[in-house]
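Input: a single structure, listed below in structure tokens.
The values are calculated or read from the model by the stated rules, or taken from the named source; none is laboratory data. Just so you know, these numbers come straight off a predicted model, no measurement behind them. Cβ placement follows ideal geometry from the backbone for every residue including glycine, while neighbour counts extend to all protein chains displayed. Only protein heavy atoms, including side chains, enter the accessible area calculation; ligands, DNA and RNA are left aside. Shrake-Rupley method; radii C 1.70, N 1.55, O 1.52, S 1.80 Å.
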Amino acid sequence: MNQDEILSKLKIEELNAMQVAVGKAFRETDNDVVVLSPTGSGKTLAYLLPLLESIDEQAERVQLLVVTPSRELALQSDNVVKRIGRYRSMACYGGRPAMEEHQTMNRQLPQVIFGTPGRLNDHLAKENFSPYTVRYLVIDEFDKCLEMGFMEEMSQLIRYLPGLRRRLLLSATDAQQIPSFVRMGKVTRVDYLHQREEVQQRVNHWCVMSEEKDKLPALKHLLCAIGHQSSLVFLNFRESVERVANYLQNEGFSISFLHGGLDQQLREDALYKFSNGSANIFVATDLAARGLDIPLIQNVVHYHLPLNEEAYIHRVGRTARWQSSGDNFFLLGPEEPLPDYLTVQPQTFVLPAEMPLPPQPLMTTIYIGKGKKDKLSKGDIVGFLCKKGGLTMAQVGKIDVKDRYTYVAVERKAVGEMLKKVKGEKIKGIKTIVECVK
């Protein structure tokens, strides 16, 4: 499958300069490639285009292995390949039984696997797929994958792969020295980090002062002032995420929250509700700062200051993506200073004297207990909701049909009446559950 066919499948008209440079570096040399480019610049597509061209579509073996630091990034990247449709791929990660993944491998015979280091090592140790056929290795967010916490796992993973021909490493921050165990050959470096300055120019930077050490009332006031805009609130600890999320929910906000301690289904539910507009506030640790392709995030709010400049860069990269603009807020307690590494002077954001009510999102996510395995398509879902539920096409938003269930974004004001109308109704002759995702 050539590049034009892939772009057509993804409904992308043209590549940016970085993506063109990565393709040229891969196609015109036999070198390993290191790509440095800001968050949101399209690095996933940059590496997938030349690598998918190199895959033997007829071969029933794993040829490309993509290592990611989080399950969310593995799933998101896998979904890109699935949208293209010509290649067999899957995502592997902790939080679910490895045996289920092994069964999927045996059934699908994937050519591309995306996964976290620990889970990939588990499959390789059990010989669930052959390491000898893997020709290409991508380490996405390699600055994170090669940190101390992943170092031994990454070293073990690369030792498992004797047949590697090419390595491609990607990051949104400047590369430290790459460990010798990665076994890089001659390297072509594609560096577009200078574009970070262009991104910064599209971001407005603000300081919000809290009169109290406990900044929750100030956060509430800020989010009410922001209104319906999509906002991502960052904290440094799992317990803090849950405390802030509970507070905002009790105050009447519609939110999602994410941290590494949640089980996989809760993590997927949280991301889906935020990305489809069913929650306009996302409370998270820095797990949400890397790799998640959620467009149109208007505001980044630092409830806790980033631990270092690298964390700050990744956080702010969640907004002003793909030429859009955004706002970056530092929520500061009494005598809490701004970080020394800031190169911009934030303006003071003055909270309004009268606080509006907590804004409500326009959409709600519903769960339908049937999916691809039940032969359901997006068209079937739309037809069911419009004919049986009384909705118009305009009231149905993003639809995501999974193997065993389906998520659908529905206009909030129409959900109650729709649920009453579809109660007990069948979809394609099958009785199923239709309910709101909590």
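Within the range 38-80, can you find the residues that are of a type in the set (S, T, N, Q) and outside any loop (DSSP other than H, G, I, E, B)?
If the condition is that a residue be of a type in the set (S, T, N, Q) and outside any loop (DSSP other than H, G, I, E, B), then THR44, GLN76, SER77, ASN79 are the ones that fit.
Report yes if SER54 is open to solvent by 10 Å² or more (accessible area, probe 1.4 Å) and among the hydroxyl-bearing types (Ser, Thr, Tyr), otherwise no.
yes
Name every residue in the range 151-176 that is farther than 24 Å from GLY40 by Cα and modelled with pLDDT under 90, in order of residue number.
Residue satisfying the conditions is MET151 alone.
Please specify each residue of the range 161-189 satisfying the condition of being in a loop (DSSP other than H, G, I, E, B) and surrounded by 16 or more Cβ atoms within 10 Å (Cβ to Cβ).
The answer is LEU161, LEU164, ALA172, THR173, ALA175, ILE178.
Just the residues that are small (Gly, Ala, Ser) and touching a residue at least 60 places away in the same chain (Cβ under 8 Å), please, taken from the range 342-365.
Within the range 342-365, no residue meets the criteria.
Does the range 1-17 hold any residues that are out of contact with any Gly (no Cβ under 7 Å at 6 or more places or on another chain) and either polar (S, T, N, Q) or open to solvent by less than 40 Å² (accessible area, probe 1.4 Å) (or both), and which are they?
MET1, ASN2, GLN3, ILE6, LEU7, SER8, LEU10, LEU15
Of everything in the range 337-377, what is farther than 18 Å from TYR272 by Cα and of a type in the set (Phe, Trp, Tyr)? Give them in sequence order.
Listed by number, the residues that qualify are TYR341, PHE349.
Looking at the range 399-434, which of its residues are acidic (Asp, Glu) and open to solvent by 90 Å² or more (accessible area, probe 1.4 Å)?
GLU417, the sole residue that qualifies.
Can you pull out every residue in the range 80-89 that is open to solvent by 10 Å² or more (accessible area, probe 1.4 Å) and touching a residue at least 24 places away in the same chain (Cβ under 8 Å)?
VAL80, ARG83, GLY85, ARG86, TYR87, ARG88 - these are the residues of the range 80-89 that are open to solvent by 10 Å² or more (accessible area, probe 1.4 Å) and touching a residue at least 24 places away in the same chain (Cβ under 8 Å).
Would it be correct to say that VAL35 is in contact with a Leu (Cβ under 7 Å, 6 or more places away or on another chain) and part of a strand (DSSP E or B)?
Answer is yes for this residue.
Would you mention how many residues in the range 282-300 are closer than 21 Å to LEU362 by Cα and touching a Leu at 6+ places or on another chain (Cβ under 6 Å)?
Within the range 282-300, residues that are closer than 21 Å to LEU362 by Cα and touching a Leu at 6+ places or on another chain (Cβ under 6 Å) number 3.
Out of the residues in the range 323-368 that are touching an Asp or Glu at 6+ places or on another chain (Cβ under 7 Å) and not in a loop (DSSP other than H, G, I, E, B), state the one that is surrounded by the fewest Cβ atoms within 10 Å (Cβ to Cβ).
Here the residue is TYR367.
So THR29 passes all but one of these: (1) part of a loop (DSSP other than H, G, I, E, B); (2) buried (at least 18 other Cβ atoms within 10 Å of the Cβ). Which condition number does it fail?
Evaluating THR29 over (1) part of a loop (DSSP other than H, G, I, E, B); (2) buried (at least 18 other Cβ atoms within 10 Å of the Cβ) leaves (2) as the failure.
What is the number of the single condition among (1) within 29 Å of GLU152 (Cβ to Cβ); (2) modelled with pLDDT under 95; (3) part of a helix (DSSP H, G or I) that GLY94 does not meet?
Condition not satisfied by GLY94: (3).
Can you pull out the residues in the range 142-160 that are open to solvent by 10 Å² or more (accessible area, probe 1.4 Å) and touching a residue at least 24 places away in the same chain (Cβ under 8 Å)?
ASP143, LYS144, LEU146, PHE150, MET151, GLU153, SER155, GLN156, TYR160
Determine whether the range 304-326 contains at least one residue that is among the aromatic types (Phe, Trp, Tyr) and over 25 Å from GLU251 (Cα atoms).
Yes, the range 304-326 contains a residue that is among the aromatic types (Phe, Trp, Tyr) and over 25 Å from GLU251 (Cα atoms).
Scan the range 370-393 and give yes if some residue there is open to solvent by 20 Å² or more (accessible area, probe 1.4 Å) and part of a strand (DSSP E or B), otherwise no.
no
Under the condition of being farther than 16 Å from LEU64 by Cα and outside any loop (DSSP other than H, G, I, E, B), which residue from the range 121-141 is most open to solvent (accessible area, probe 1.4 Å)?
Checked the range 121-141; the qualifying residue most open to solvent (accessible area, probe 1.4 Å) is ALA125.
Could you give every pair whose Cβ atoms fall below 9 Å, whose first residue belongs to the range 228-254 and is within 13 Å of LEU331 (Cβ to Cβ), and whose second residue is of a type in the set (D, E, K, R) and surrounded by fewer than 16 Cβ atoms within 10 Å (Cβ to Cβ), counting only separations of at least 6 or pairs across chains?
If the second residue must be of a type in the set (D, E, K, R) and surrounded by fewer than 16 Cβ atoms within 10 Å (Cβ to Cβ), the pairs left are LEU235/ARG243.
Looking at SER230, is it hydroxyl-bearing (Ser, Thr, Tyr), over 28 Å from LEU124 (Cβ atoms) and modelled with pLDDT of 95 or more?
Against the criterion (hydroxyl-bearing (Ser, Thr, Tyr), over 28 Å from LEU124 (Cβ atoms) and modelled with pLDDT of 95 or more), SER230 does not qualify.
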